[in-house]
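Since every read-out is calculated from the coordinates, none of them should be taken as a lab result. All values derive from a computational prediction rather than experimental measurement. Note that each Cβ is placed from the backbone with ideal geometry, even for glycine, and that neighbours are counted across all protein chains shown.
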Amino acid sequence: MNPVHMEQLSWVDYERRVQEGAVLFLPCGATEQHGPHLPLGTDALLASAISAEVAARVGGLVAPALSYGYKSQPKCGGGQHFCGTTSLDGATLSALVRDAVREFHRHGVKRLVLVLGHYENTWFVAEGIQLALRELGPDAGLEVMRLEHWDFCREETLEDIFPDGFPGFALEHAAVIETSLMLHFHPHLVALEKIPDDGPADFPPYDMYPTRTEWVPPSGVLSSARGSSAAKGARLAGDIVDGITAAVRFEFKLEGL
């Protein structure tokens, strides 16, 4: 079986896989607080694990994750006032993505998928992709897909996991979805006994600068993570991996894989 992680290959083996047409996945995460029960690297860890499962199904490769993301926002990540949260300016992230896309093109990659695990990255990653493709020109021969992995959670799954109502992906920061996915992929990094009783957060329909840190639960958890389980994580992961695999096969015409 071909290994999927780029950093575990020699340059010769990597070049061979690229020349054979392997789809390359680039996980885009963050270093951001995820409450007292999850690690700072949760976003990159989940994006990388999901990318690896999809890559294994389609004969692809996974590049090392971009582990710093755009600034944490109070309503979806708790904010910048938490120790350990280590963020980039938007222009820096866009430039990093632009350079990575250009380098992968130089390697000969023809099909690239950026898998986002940090909500705040969305438009700065899109900007980086667009800047790279503009520089490379219309004849570059590179197709790029960008996605946020949580968008592939099926409605039926969310209804079963949240019988009292789904609070929304923004408030799910460090809550049931991320905790359950971590219990599925990296159970040794989850401290269930440290799940706090904070949340759900109640934010007004506007933002204030400087940030009103008192709006954010002191633990950084925006909605309760109680009820998380590896079984729920497995079901969520199944939705996400199946959905991304189908999208990659369809857009890159890999239906036979």
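Residue ranges 202-210, 61-69, 111-119, 125-133 sort as 111-119, 61-69, 125-133, 202-210 when ordered by packing (mean number of other C-beta atoms within 10 Å per residue, highest first). Against the main long axis of the alpha-carbon atoms of the chain, helix 176-185 sits at an angle near 50°. Between helix 230-251 and the chain there is an angle of about 30 degrees, using the helix long axis and the longest principal axis of the Cα atoms. Please list, by residue number, everything in segment 82-126 whose backbone N is under 20 Å from a paramagnetic label point 7 Å out along Cα→Cβ of VAL12. From segment 82-126, the list is 107-108. Per residue, the chain reaches -12500 deg cm²/dmol at 222 nm when only DSSP H runs of four or more residues are counted, each adding -39500 (n - 2.57). Using the Cβ of ASP160 as centre and a radius below 9 Å, the other residues enclosed give a net charge of 0, where K and R count +1 and D and E count -1. In straight-distance terms, cross-link reach from LYS194 covers every one of the lysines whose alpha-carbon lies under 20 Å from its own, apart from those fewer than eight places away in the same chain; here that gives LYS232. Peptides 146-152, 170-176 ranked from most to least packed by the mean count of surrounding Cβ atoms within 10 Å: 170-176, 146-152. Rounded to the nearest whole Hz, the Karplus-based 3J(HN,Hα) values (6.51 cos²θ - 1.76 cosθ + 1.60, θ = phi - 60°) of segment 211-226 follow the sequence 4, 7, 5, 5, 5, 9, x, x, 7, x, 8, 8, 8, 4, 9, 5, with x at glycine and proline.
Packing-based ranking of 216-222, 178-184, 88-94, 74-80 yields 178-184, 216-222, 74-80, 88-94, ordered from highest to lowest mean Cβ neighbour count within 10 Å. Applying a DSSP loop filter and a limit of 15 other Cβ atoms within 10 Å to the trypsin sites (Lys or Arg not before Pro) in segment 148-212 leaves ARG154, ARG212.
Candidate cross-link partners of LYS110 among the lysines, defined by an alpha-carbon separation under 26 Å and a same-chain spacing of 8 or more, comprise LYS253. With the convex hull drawn over the C-alpha atoms of the chain, the volume per residue is 136 Å³. Compute the helix-to-body angle for 42-58: its Cα long axis versus the longest principal axis of the chain, expressed 0 to 90° and rounded to tens. Roughly 40 degrees between the two axes.
Hydrodynamic analysis of segment 16-56 uses the Kirkwood radius over alpha carbon pairs. Inserted into Stokes-Einstein at 4 °C and 1.567 mPa s, it gives a translational diffusion coefficient of 112 µm²/s.
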